[in-house]
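The values are calculated or read from the model by the stated rules, or taken from the named source; none is laboratory data. Owing to the predicted nature of the structure, the values given are computational and were not obtained by experimental measurement. Ideal geometry is used to build each Cβ from the backbone, glycine not excepted, and the neighbour counts take in all protein chains shown. Heads up: the accessible areas ignore ligands, DNA and RNA and are worked out on the full protein's heavy atoms, side chains in. Shrake-Rupley method; radii C 1.70, N 1.55, O 1.52, S 1.80 Å.
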Amino acid sequence: MQPRRVAVLGGGPGGLYAARLLKLANPACEVRVYEQGYPDATFGFGVGLAGGTQRKLEAADPDTLHDLAVTGLRHDMTMRVGDAVARVHNSRLIGVARTDLLAVLQRHAEKAGVELEFGVRRTADELDADLVVAADGVSSATRESGAFGGRVEVGKGLYLWCGTEFALEDAMFAPVETEYGVFVTHAYPYSGGRSTFLIETDEETWRRAGFDATTAALETAGTPFDASDETSLRFLEQVFAQQLRGHPLIGNRTRWLRFRTVRCDRWADGNTVLLGDAAHTAHFSIGSGTKLAMEDAIALVDALREAPDATTAFARYEGVRRPAVERLQELARRSQLWWESFPSRTGLPVERLMVAYMSRAGNVLLDRFAQTSPDVVEAALRQFGGEPAPEGELADWVLDRQLVHGDRTFPDRTAVPELERLEVDLRDPWSPEGDALVARARGTGGVLVTGPAARPALLTRLDLAERVRLETGVLTAVEGAAALRDDLVAGLVSGRTDLVALIEEPV
Ligand SMILES: Cc1cc2nc3c(=O)[nH]c(=O)nc-3n(C[C@H](O)[C@H](O)[C@H](O)COP(=O)(O)OP(=O)(O)OC[C@H]3O[C@@H](n4cnc5c(N)ncnc54)[C@H](O)[C@@H]3O)c2cc1C
């Protein structure tokens, strides 16, 4: 179809990119972006763009990608516990300042002929256009007022998004134990000699440190809307002094937040279509929000180009994007649960912790990780098996390792004795139902964690088994289909289970 007039609500990465691609595809169409903020007053620090995203941007719009790649800073990724460090090479990941990202996208949108209007807050229904692209972010008023069937799930953990004025050499995950509990930073360098420091913690630690009070104080009448939680920043700057090398933490409307996962039953209503965070969000620990918003823009413009009318185009756009978005949201959900329970794992040697991190959502298994980071996997296997693993077939070697548990010795990891069966079929192992299962395991001579054959159920079982191991210390075995052996092997090396029971069943 060839729309005459398109209004884009929101000048974040999704809206700006959609506007440019639309205008390039339909030069005669009038495309206007309405952004409530001002071009140089953007919120945020750096965002990461992975290699796969860059390839998609390259195919859709090489000019924009070129300018983003020039601006971005390449970096590896490290896990640091105390002085121990595990490093994962990632030659394609770049960190871009959100200000630079938006400046590039604004410039390219204008170059294509898009009109940008800043400093105006609008609603979708007041815009006079054939189509309205609502890219108005996670708090989208369009989603809330339309028939999109939007739902928001609020995370248990708390996080604070801040930065510092020096560029780390690599991205870094680093937990620090304090008198109140554990705080973890996800920090990454970005262009302009700066780094993002995202810091998260659990609710109990947050309350013990008194941050419920600092958060409430910021919500009292008269506090400027853009004030940061300076008390938390000053405290955390001491906690992370080693990682910050004495630099201060900088806020930018920085306050403690709980991550909001947005899902919608449908992304279109009449002539209005949702895009980016307005339609869906995925936990920050998989670093995909910008990617999803920009990939939505590519798919929407492709669908509009090919379809005869808006209804067909919106259905095609959603048909293409929804499976990819839901797959990432599921990975993000698992990743979020893993990070929210992170402090319980800091006793693992750092390389095994890195394997646990990589396999936390089931998307990177041991063999693949060994190809990209052989040194980390080699060290993790040595820590797991007590001796170096030979080259070649890793899974068999892992399964053949002996286990000494208390006064019992098992010749290998598949030698499962008679154990109490723990039937697990739940979505969140850290839910009250999960608590009840852990309580049941306590005081037994060991449990065999069983449940449905499908892979998602097995991954959840492994998480529940890990809770049982770490919280009760009882012997833990996980049952799973032989076809899912690689997940069970990653579970063993990551400390999620002591033993595995491989059974022949279809998945
Ligand atoms: C802590 C944290 C860390 C993150 N780290 C990463 C990362 O490493 N990598 C990554 O890819 N993503 C990251 N993200 C996510 C990323 O910031 C967002 O997913 C991304 O910006 C979404 O783009 P968007 O265009 O959909 O929405 P936004 O960027 O939120 O843009 C929406 C725009 O709409 C405007 N707007 C809203 N309502 C109106 C209105 N009524 N009228 C006019 N304008 C309006 C807003 O001012 C805003 O500019 C992170 C997010 C968080 C919270």
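So for the range 284-303 (the condition being open to solvent by 10 Å² or more (accessible area, probe 1.4 Å), of a type in the set (S, T, N, Q) and in contact with a Pro (Cβ under 7 Å, 6 or more places away or on another chain)), does at least one residue qualify?
Yes: one or more hits.
Please state which one of E471, E418, E466, E433 is under 16 Å from W338 (Cα atoms), at pLDDT 95 or above and open to solvent by 70 Å² or more (accessible area, probe 1.4 Å).
E471
Taking into account only those residues within the range 236-273 that are within 13 Å of the ligand (Cβ to nearest atom) and either free of Cβ contacts under 8 Å to residues at least 24 places away in the same chain or open to solvent by 70 Å² or more (accessible area, probe 1.4 Å) (or both), which is nearest to V132 (Cα to Cα)?
Here the answer is R260.
Could you list all residues from the range 68-84 that are open to solvent by less than 40 Å² (accessible area, probe 1.4 Å) and free of Cβ contacts under 8 Å to residues at least 60 places away in the same chain?
The answer is L68, A69.
Going through the range 365-377 one residue at a time, which ones are over 17 Å from S91 (Cα atoms) and either open to solvent by less than 40 Å² (accessible area, probe 1.4 Å) or not charged (D, E, K, R) (or both)?
The first filter runs over the range 365-377 and keeps only residues over 17 Å from S91 (Cα atoms), leaving 365-367, 377.
Across the range 365-377, the qualifying residues are L365, L366, V377.
Does R87 meet the test of being touching a residue at least 12 places away in the same chain (Cβ under 8 Å), open to solvent by 10 Å² or more (accessible area, probe 1.4 Å), of a type in the set (K, R) and within 11 Å of the ligand (Cβ to nearest atom)?
For R87, the condition - touching a residue at least 12 places away in the same chain (Cβ under 8 Å), open to solvent by 10 Å² or more (accessible area, probe 1.4 Å), of a type in the set (K, R) and within 11 Å of the ligand (Cβ to nearest atom) - is not met.
Name the single residue that is farthest from the ligand (Cβ to nearest atom) among those in the range 1-24 being of a type in the set (G, A, S) and part of a helix (DSSP H, G or I).
Ranking the candidates gives A19 first.
Please determine whether any residue of the range 141-154 is part of a strand (DSSP E or B), within 23 Å of A303 (Cβ to Cβ) and in contact (Cβ under 8 Å) with a residue 12 or more places away in the chain.
Yes: the range 141-154 contains one or more residues that are part of a strand (DSSP E or B), within 23 Å of A303 (Cβ to Cβ) and in contact (Cβ under 8 Å) with a residue 12 or more places away in the chain.
Restricting the search to the range 90-122, which residues are polar (S, T, N, Q) and open to solvent by less than 30 Å² (accessible area, probe 1.4 Å)?
From the range 90-122, those polar (S, T, N, Q) are 90-91, 99, 106; that's our starting set.
Q106, the sole residue that qualifies.
Inspect all residues belonging to the range 39-46 and state whether any of them is buried (at least 16 other Cβ atoms within 10 Å of the Cβ), within 9 Å of the ligand (Cβ to nearest atom), under 20 Å from the mean Cα position of the chain (by Cα) and not small (G, A, S). Don't jump to the end; show me each part of the working.
Our first condition is that a residue be buried (at least 16 other Cβ atoms within 10 Å of the Cβ); within the range 39-46, this holds for 42, 44-46.
Now drop any that are not within 9 Å of the ligand (Cβ to nearest atom), which leaves 42, 44-46.
In the following step, the residues that additionally are under 20 Å from the mean Cα position of the chain (by Cα) were identified as 44-46.
Narrowing the set further to residues that are not small (G, A, S) leaves 45.
Yes: one or more hits.
Could you count how many residues in the range 216-250 are closer than 15 Å to F183 by Cα and in a loop (DSSP other than H, G, I, E, B)?
Residues that pass the stated criteria total 2.
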